[in-house]
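Participant: I have a structure here, written as structure tokens, and I will follow up with some questions on it.
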Amino acid sequence: MDFLFTEEEELFRKSVRDFCGRRIEPRADEIDEKGEIPHEILKDMGDTGLFGLTMSKEYGGSGQGFIKAAIAAEEIARADVSMAVAVYYLVETGWGFLLDRYGSRNAKEDILPDVVKGKTFLGIASTEAAGGSDISSLSTRMEKREDVLVVNGAKAYISGVREAALYGGGYVTIVKTDPQLGHKGLSLCYLPIKDKEGITISTSRQMGREGISNGFIRIENVEIPGHYLIGEWNKGFYYAMEGFNCARTLVSAACIGAAEKALGLGIEYIKRRKLFSSPLAKFEGIQFQLAEDYTRLESASLLVYKAAWMLDRMYSENRFSHQEINKAVATAKLTAPTVAFDIIKNVMTWHGAYGYTKEAGLERGLRGVASYIVGAEGAQNIMRLIISREILGKELMP
């Protein structure tokens, strides 16, 4: 058992941190305040190979796997603790992997090369106004008509709607194809957005992650090519669960990165800030909280990289079952966002009044990681249900 990253992984981390320090971190304030990630940053990320880490060389990727993808997510979130750039990265990387794995050759040739280059957007459209975590209750429908697929419905609280409409691209979309079968009657398709007849988008304001849009997609009799079906008809639930495992691992890694950045800032501050002629770091109340925060962050990080390691072993060696992966990923996702939120909150408190200002930069992280507690990529109670189900067995679940 070896808990060390390889020399290659450490060099990769250094190169990503250098890139993020040069290209993302200096513009983190701007990204949050203007509510937009500059497209040149996205193209630079594509040129650097970040978007293609989990995708095949055939389509411009490098097929590096999820440990390196998680390292990149961590470093991107360190540079932009608001999580906006990390969100853009992780939906592309996590759901791009799923499309690469199960999409048709024609679809992959159409879509993935521009996604890898950072030219177009790729996201996930699952949530609906009346159904979030319970995807078996979704109402968006898809049917076959000769050689095309026709989609009708609406999706809500979807990341990247403005970016998809502006830059081009679309969504891995979960749809009902046989309503009588419940979760066994779902399919996946790729839904293009830009200039597509029958597509209407609108945006909503979020409390955080301002640099990437969030909103609604209305879908009215939208025709897409038959080869945009992802995987087999009525098998979409199982593909989607696989995709969520990939994305949740990267979400958790991003939360670790934001927490690491905040804790580092906090350590610097308590060493130099004096109270009653002594540095704050001399007070046991601060020392004990720091020790607990460090320990919780180390524990969360181990859970995250265990999940990434298991994903890589499952895909390369068929080593773990989906049930084992489900439990490992849900454990990481249950832990990392809450730990990150608590650490950022504590560091804000150490900073006193300054910690509550925009200038401190900490509140961006608090707002960003909160999204992964309340529901994005699966609410925390859903993670608890997944873990309990895999421990107890489905027969004992509600």
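Bear in mind that the values in this text are calculations on the coordinates, not laboratory data. It should be emphasised that the depicted structure is a prediction, and the values quoted were computed from it without experimental measurement. Ideal geometry is used to build each Cβ from the backbone, glycine not excepted, and the neighbour counts take in all protein chains shown.
Participant: Exposure proxy check: His183, His322 ranked by fewest other beta carbons within 10 Å? Please list the in-between numbers first.
Facilitator: Details: His183 17, His322 13.
Least crowded to most crowded, the residues run His322, His183.
Participant: A further question on this structure: If you plug each phi of the range 53-64 into the Karplus form 6.51 cos²θ - 1.76 cosθ + 1.60 with θ = phi - 60°, what whole-Hz ³J(HN,Hα) values come out, in order, with x for Gly and Pro?
Facilitator: Per-residue couplings from phi come out as 4, 9, 9, 5, 4, 4, 10, x, x, 10, x, 7 Hz.
Participant: Kindly provide the Kirkwood hydrodynamic radius of the range 1-122 in Å, to one decimal, from all pairs of distinct alpha carbon atoms. Before the final figure, lay out each step's value.
Facilitator: On the way: mean 1/r = 0.0685 Å⁻¹.
Evaluated on the range 1-122, it is 14.6 Å.
Participant: Separate question: Grab the beta carbon distance between Glu143 and Glu40, set R0 = 41 Å, and tell me the FRET efficiency rounded to 0.05.
Facilitator: Details: r = 41 Å, r/R0 = 1.00.
With a Förster radius of 41 Å, E is 0.50.
Participant: Return the loop-located GluC sites (Glu not before Pro) in the range 173-220 (DSSP other than H, G, I, E, B) with at most 11 other Cβ atoms within 10 Å of their own Cβ; answer none if there are none. Intermediate results must be reported in sequence, preceding the final value.
Facilitator: On the way: sites: Glu197, Glu210, Glu220; in loops: Glu197, Glu210.
In loop regions of the range 173-220 (DSSP not H, G, I, E or B), the sparsely surrounded GluC sites (Glu not before Pro) are Glu197.
Participant: Taking the range 253-384, how much of its Cα-Cα pair set, in percent, is spaced more than 22 angstrom apart? Working shown, then result.
Facilitator: On the way: 3769 of 8646 pairs.
Pairs farther apart than 22 Å: 44 percent.
Participant: May I ask for the net charge around Asp312, where only other residues with Cβ less than 13 Å from the Cβ of Asp312 are counted and Lys, Arg are +1 while Asp, Glu are -1?
Facilitator: Details: positive: Lys68, Lys306, Arg313, Arg319; negative: Glu9, Glu317.
Result for the local shell: +2.
Participant: Given H placed on each backbone N at 1.01 Å, which residues far from Glu128 in sequence or on other chains put an amide H within less than 5 Å of it?
Facilitator: HN-HN under 5 Å from Glu128: Ala156.
Participant: Any lysines with Cα under 17 Å of the Lys271 Cα? List them, leaving off those in the same chain fewer than 8 positions away.
Facilitator: Excluding near neighbours in sequence, the set is Lys261, Lys282.
Participant: Additional query: Starting from the coordinates of the alpha-carbon atoms of the range 122-230, obtain the Kirkwood hydrodynamic radius over all distinct pairs and give the value in Å to one decimal.
Facilitator: The answer is 13.9 Å.
Participant: Would you pull out the residues with amide H under 5 Å of Phe121's amide H, same chain only if 5 or more places away, H placed 1.01 Å from N?
Facilitator: Excluding prolines and chain starts, which carry no amide H, the hits are Gly168, Gly169, Gly170.
Participant: Hey, what's the Cα Rg ratio for the range 222-309 versus the globular rule of thumb, 2.2 N^0.38 Å? Let's see the in-between values first.
Facilitator: Numbers: Rg = 22.0 Å, N = 88, 2.2 N^0.38 = 12.1 Å.
The range 222-309 yields a ratio of 1.82.
Participant: Compute the whole-percent fraction of alpha carbon pairs in the chain spaced more than 36 Å apart. Don't skip to the answer; put the middle values down first.
Facilitator: Working: 17081 of 79003 pairs.
Of all Cα-Cα pairs in the chain, 22 percent lie more than 36 Å apart.
Participant: Separate question: Let's see if you can work this out: charge +1 on each Lys and Arg Cβ, -1 on each Asp and Glu Cβ, no other charges. What is the dipole magnitude of the range 189-326 about its Cα centre, in debye to the nearest 20? Walk me through the numbers on the way to the answer.
Facilitator: Details: 17 positive and 16 negative charges, 138 e Å.
Here the range 189-326 has a charge dipole of around 660 debye.
Participant: Once phi is turned into ³J(HN,Hα) by the Karplus curve 6.51 cos²θ - 1.76 cosθ + 1.60 with θ = phi - 60°, what whole-Hz value does each residue of the range 303-317 show in order, with x for glycine and proline?
Facilitator: 5, 5, 6, 5, 4, 5, 4, 5, 4, 4, 6, 5, 7, 8, 10
Participant: Now for a different question. Quick one: which residues, 5 or more positions from Ser104 or on another chain, have an amide H under 5 Å from its amide H? H modelled 1.01 Å from N in the peptide plane, none for Pro or chain starts.
Facilitator: Sorted by chain and number, the residues that satisfy this are Gly231.
Participant: Express in nm, to one decimal, how much length is gained between Glu395 and Tyr356 on full extension, taking 0.36 nm for each residue of separation and deducting their alpha carbon distance. Before the final figure, lay out each step's value.
Facilitator: Numbers: separation 39, 0.36 × 39 = 14.04 nm, distance 4.77 nm.
Taking 0.36 nm per residue and subtracting the Cα distance, the gain is 9.3 nm.
Participant: When Lys and Arg each count +1 and Asp and Glu each count -1, what net charge do the other residues less than 13 Å away from Glu8, Cβ to Cβ, add up to?
Facilitator: 0
Participant: In addition: Is it possible to state the helix-based mean residue ellipticity at 222 nm for the chain, with each DSSP H run of 4+ residues giving -39500 (n - 2.57), the sum divided by total residues, to the nearest 500 deg cm²/dmol? What is it?
Facilitator: Numbers: 12 runs with 212 residues, N = 398.
The helix-only estimate for the chain comes to -18000 deg cm²/dmol at 222 nm.
Participant: Let me ask another. For the range 7-121, what is the number of Lys pairs with C-alpha distance below 14 angstrom, counting only pairs 8 or more positions apart or on separate chains?
Facilitator: On the way: Lys14/Lys68; Lys43/Lys117; Lys43/Lys119; Lys57/Lys108; Lys57/Lys117; Lys108/Lys117.
Value for the range 7-121: 6.
Participant: Output the 0 to 90 degree angle, nearest 10, between the alpha-carbon long axis of helix 236-272 and the longest principal axis computed from the alpha carbons of the chain.
Facilitator: The helix 236-272 is inclined about 20 degrees to the chain.
Participant: In the range 282-390, what trypsin sites (Lys or Arg not before Pro) fall in a loop by DSSP, with at most 14 other Cβ atoms inside 10 Å? Show your work: numbers first, answer last.
Facilitator: Values: sites: Lys282, Arg296, Lys306, Arg313, Arg319, Lys327, Lys333, Lys345, Lys358, Arg364, Arg367, Arg384, Arg389; in loops: Arg319, Lys358.
Here the trypsin sites (Lys or Arg not before Pro) that fit, given the DSSP loop and packing criteria, are Arg319, Lys358.
Participant: Across the Cα atoms of the range 159-212, what radius of gyration and what greatest pairwise Cα-Cα distance (Dmax) are found, in Å?
Facilitator: Using the Cα atoms of the range 159-212, the pair Rg, Dmax is 14.1, 40 Å.
Participant: Could I ask something else about it? What is the sum of charges around Thr54, taking Lys and Arg as +1, Asp and Glu as -1, for the other residues whose C-beta is under 11 Å from the C-beta of Thr54? Could you put the intermediate results ahead of the total?
Facilitator: Working: positive: Lys68, Arg101; negative: Glu92, Asp100, Asp312.
After counting each charged neighbour, the total is -1.
Participant: Same structure, new question: DSSP beta bridges in the chain, what fraction antiparallel, as a percent rounded to 5? Numbers along the way, then the final one.
Facilitator: Numbers: 31 of 37 bridges.
So the antiparallel bridges in the chain amount to around 85 percent.
Participant: Same structure, new question: Among Tyr190, Gln206, Gly226, which residue has its Cα furthest toward the positive end of the charge dipole of the range 122-230, with +1 on Lys/Arg Cβ and -1 on Asp/Glu Cβ?
Facilitator: Gln206
Participant: Additional query: What list do you get for Ser187, Ser277, Ser316, Ser126 if you sort them by fewest beta carbons within 10 Å?
Facilitator: Least to most surrounded, the residues fall as Ser277, Ser316, Ser187, Ser126.
Participant: Determine the dipole magnitude for the chain: charges of +1 sit on the beta-carbon of Lys and Arg, -1 on that of Asp and Glu, nothing else is charged, the reference point is the Cα centre, and the result goes in debye to the nearest 20.
Facilitator: It works out to roughly 660 debye.
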